[in-house]
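Scroll down for the structure; my scribbles are underneath it.
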Amino acid sequence: MNRDDALRLSQEPIDLTGATVEREARPVRMTYSVRMRKQDEALALWLEEEADRRDLTPSDLLRELADEARLRAAQDEDKVITVRVGELHRMIDRIAERPAA
């Protein structure tokens, strides 16, 4: 079939009278775009090199790193807390004043 035949066929009506529609769930995919600024050049180079080292694409590596971070956050191993600087200094001073065990 040449180009002209394909064009002619594409313009002919199609009879869908006996057709049935089959519906199946399609997996959801989300795409995120990351912009690397000029000052992030070292990070971008590391990402590409690390992906090559692991035999992955940069997108797959980012997915793995995000999943690792999600699992770590879910485990709540190292909670992030907010402490005033003055309170932090007082805690350090108290620890420093303790007798050695």
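Just so you know, all these numbers are worked out from the coordinates, no wet-lab data involved. Since this is a predicted model, take the numbers as computed values, not measurements. Backbone-built Cβ (ideal geometry, glycine too); neighbour counts: all protein chains shown.
Worth pointing out:
- Surface/4 of the Cα convex hull for the stretch 1-71, nm²: 11.0
- A simple spin-label model places the labels of VAL21 and ASP67 3.5 nm from each other, with each point 7 Å out along Cα-to-Cβ.
- For the stretch 37-101, alpha-carbon Rg and Dmax in angstrom: 19.7, 53
- Farthest toward the positive end of the dipole of the stretch 1-90, out of LEU56, LEU88, LEU43, is the Cα of LEU88, where the dipole comes from beta carbon charges about the Cα centre.
- The chain, dipole about Cα centre (Lys/Arg Cβ +1, Asp/Glu Cβ -1), debye to the nearest 20: 620
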